[in-house]
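I have placed the structure first, in the form of structure tokens, so that the comments after it can refer back to it.
Throughout, read-outs are computed from the coordinates displayed, never taken from laboratory work. These figures come from a predicted structure and were not determined experimentally. Neighbour counts run over all protein chains shown; Cβ positions are idealised from the backbone, glycine included.
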Amino acid sequence: MSNRSAQVVAATLAFLLIVLVGATIFILLSRPAQPGPTATPSAGPSFTPTVGPSSSATPQPSFSFPLESPTSLPPTDTPSPTVEPTITPTPSPSPTPSPSPTPSPTLPPPTSPQREVTIVDFGLDRRTDADAVQRTVSFAVDGPSLISAQLKDVSAGRVRMCLLREDTNAERECITAHGGTLSRAVFDVGQTEWNVTLIGASGNFASATLVLRFNALSPRVVMDSFRFNGTNNPEYNGLQVVLLATGDGNVRLHGDIDGPEGEFPWEFRVAVDDVVISDQPGGPSASFDVSAPVSGGTVYTVSFFEPEVSTSGGPALLTRATLTWP
């Protein structure tokens with residue numbers, strides 16, 4: 001073949017190739033769009049076979065390029081650290097606070113001297129007896145005071161002792177015992193009256209001693225319904241009182257005797273350490289009023305009794321006596 005012929009053949013083939021490629025492009029551009037999955041961008045080129053107009057068409061490679069460059073890919077999300085749940089401890093139940101006790105009022109300082117008087121070894125009636133009479137001891141308190149009544153030296157069984165202000169039963173405090181103490185705080189600025197009552201609570205006749213402590217300017221103690229049965233029954237024969245004189249003056253005892261005969265002999269005696277410093281007999285009479293000088297700072301024993309054997313029948317004989325001292 002000559003060069004001229006070769007050139008013609010080559011040009012013809014080139015032309016046919018151009019026509020074939022152009023026809024292929026035209027067919028691809030003129031085909032309707034087919035639904036299909038959206039291409040997922042990839043980091044490099046992918047090759048997708050293209051189907052021609054008939055099954056006999058020769059698949060031609062189709063070049064698709066990534067929508068974005070690899071550098072514009074969204075960063076891979078860094079997984080968030082797992083947050084551990086916070087466990088809130090269950091609070092321990094708080095104990096229910098106990099109500100605070102109401103504070104007691106503070107007792108003001110006393111405005112009168114402290115006094116102590118002891119009524120020694122006196123007999124008591126039995127509460128179960130039909131003619132039983134309780135012993136009553138009354139005393140005056142001046143201003144604020146912590147008063148107390150102490151029962152001691154009970155000879156047998158138990159004694160019912162009560163402390164009350166004047167005759168107000170609502171303020172009565174009592175014990176039934178072989179011994180013990182009742183106490184009260186007095187807040188009044190003026191003078192108040194207080195009573196102590198005593199009676200036997202057992203089947204036996206008993207004697208006892210009573211100690212009173214209180215504040216008073218001019219102490220006064222009234223002893224009511226004490227037996228006055230003569231020397232044959234010493235625990236039931238008048239009264240015996242031990243006291244401290246805080247100043248010079250007179251100890252005085254006055255009162256009356258109540259019995260079927262109306263008038264009785266009596267004796268008033270004052271002693272210091274068992275040494276008699278004043279002894280005054282009197283009567284027979286139904287009343288008495290006697291006194292003796294005393295000195296401050298000295299303890300005295302004051303006695304009032306019937307000096308003879310009783311012939312009056314005993315139990316019905318009672319005395320009421322008021323004792324004062326400096």
Hull surface over four for the Cα convex hull of segment 114-217, reported in nm², is 6.2 nm²
If the chain between ASN250 and LEU16 were fully extended at 0.36 nm per residue, the gain over the current Cα-Cα distance would be 67.6 nm
Rg (one decimal) and Dmax (whole number) from the Cα set of segment 150-295, in Å, equal 17.0, 46
Residue-ordered couplings for segment 200-213, obtained by feeding phi - 60° into the Karplus form 6.51 cos²θ - 1.76 cosθ + 1.60 and rounding to whole Hz (Gly and Pro as x), are x, 10, 10, x, 9, 5, 9, 10, 7, 10, 10, 10, 10, 10
Taking a label point 7 Å from the Cα of LYS152 along Cα-to-Cβ, the residues of segment 192-233 whose backbone nitrogen sits under 15 Å from it are 208-214
The answer for the per residue Cα convex hull volume of segment 218-326, in Å³, is 83 Å³
The long-range amide H neighbours of SER202, using H built 1.01 Å from N in the peptide plane and a cut-off of under 5 Å, are ARG127, ARG158
